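Please read the structure below before turning to the comments.
The values are calculated or read from the model by the stated rules, or taken from the named source; none is laboratory data. The structure presented is a predicted model; accordingly, all values stated were derived computationally and were not measured. Cβ placement follows ideal geometry from the backbone for every residue including glycine, while neighbour counts extend to all protein chains displayed.
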Amino acid sequence: MTNERGTNRLYDPVPVTLLTGFLGSGKTTLLNYILSDPRMTGTAVIVNEFGSVSIDHELVHAGRETYFRTTTGCICCTATGDIRASLYELHEARLIGESPPILRVVIETTGLADPAPIINSLIAGGAPAMGLRDHVVARQFYLSGVITTFDVIAGPQTLDAHMEGWKQLAFADHIVLTKADIAQEQVSRADDLRGLNPAAIVHDRNAPGFDLHALLGDRPYSTRDKAEDVPGWLAMEGLATHRDHRHDENRHGDKVEAISLEHDMPFDPLSVMTFLELVTSNTGSGLLRLKGLFAVTDDAERPVVAHAVQHRLYPLQRLDRWPDESRRTRVVLIGRDMPARPIRDLFAAVAPRRAKAQRRSV
């Protein structure tokens, strides 16, 4: 293959790992763990975020040697275009020397992602190639595995309410149990999940001897021995793609939405807690996930990170520094039938206000 400069550059196909799991199940935490391991040098990362305000990628500790790309809007709704475009961009970057050598790619999906269309766009015989770009991607990359994180605390309720959670587990090669260290009782252990996906290897993220390296393989992904529904789901995606060459604009229904909030002045720490506690304590709000990066008055150079899963607010954490040039507070709430106006009104009520200019008396 020849690049624009006329230099012959041939590469072996690069394995792609799909990292999925429902909202708040610990995908970004696991991704950071992967990137911190010296054996994972040469890993390129693609992070997909649901909603117009980006927060997840700010919390990924990618080093300077890591190629990093983000996408907005759930990629399972436009899987063929978004994923292939991202991989083609990566291919072009390494051709012209803008990225370091790439040994593997990890794609972190949104928590609401249906893995079927994403996998269908990456496997042989899946979504059809729509142009030269797609043919290049098919030659240069291949799906090597699916990792699904599963929250042992909130996971059972997730499976009762959201089909995406079932499908994320059913397609997995590896299921990583998270938050077992803070669970008050032993729930959703390995035996509880093997019935859904007998082919998956179940790991406890907090168990001694957890083998990170075992999660990332280099063999092509296979549906062999997975649940009977898996080939059927992929076949349905194939029929839909061949029929109209696109996916639904919103596979999750109109009632699932992201509320994005921003403010450019630091918050009083008490106001931050007031907002978070009121939003997460409302059991009728339909909240599934909250992620926030707050500028606070007591230390404006060290932002506060907030996480909530459904109505469980986790302890706030401080970053050592801002992850980017922006110093704006950013909050994303993802849920079903959320009361958007009251949430926005509450945020406006606790947000700091600029002092009005005093008019000079004449």
> Given the conditions (1) crowded, with 16+ Cβ neighbours inside 10 Å; (2) at pLDDT 90 or above; (3) not hydrophobic (A, V, I, L, M, F, W, C), and given that Gly238 satisfies all but one, which numbered condition is not satisfied?
Replying inline: (2)
> How do the pairs read when you match residues in region 137-150 that are surrounded by 19 or more Cβ atoms within 10 Å (Cβ to Cβ) with residues anywhere that are part of a strand (DSSP E or B) and small (Gly, Ala, Ser), using Cβ under 9 Å and keeping only pairs 6 or more apart or on different chains?
Replying inline: Ile147/Gly21; Thr148/Gly21; Thr149/Gly21; Phe150/Gly21
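Here are Ser326, Ser361: which of them is assigned to a loop (DSSP other than H, G, I, E, B), polar (S, T, N, Q), at pLDDT below 90 and not assigned by TED's automatic domain parsing to the domain that holds Met265? Spell out how you get there, then give the answer.
Values: Ser326 fails: not assigned by TED's automatic domain parsing to the domain that holds Met265.
Of the residues listed, the single one that is assigned to a loop (DSSP other than H, G, I, E, B), polar (S, T, N, Q), at pLDDT below 90 and not assigned by TED's automatic domain parsing to the domain that holds Met265 is Ser361.
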> When you go through (1) within 30 Å of Ala258 (Cβ to Cβ); (2) in contact with a His (Cβ under 7 Å, 6 or more places away or on another chain); (3) β-branched (Val, Ile, Thr) one by one for Val136, which number turns out not to apply?
Replying inline: (1)
>> Step by step: first the residues of region 303-351, then only those that are without any contact (Cβ under 8 Å) to a residue 40 or more places away in the chain and crowded, with 20+ Cβ neighbours inside 10 Å, then the one that is farthest from Ile153 (Cα to Cα). Which residue is that?
In response: Pro303
> With respect to Arg84, is the statement that it is modelled with pLDDT of 55 or more, among the charged types (D, E, K, R) and in a strand (DSSP E or B) true?
Replying inline: no
> Going through region 265-288 one residue at a time, which ones are assigned to a helix (DSSP H, G or I) and in contact with a His (Cβ under 8 Å, 6 or more places away or on another chain)?
Replying inline: Thr280, Ser281
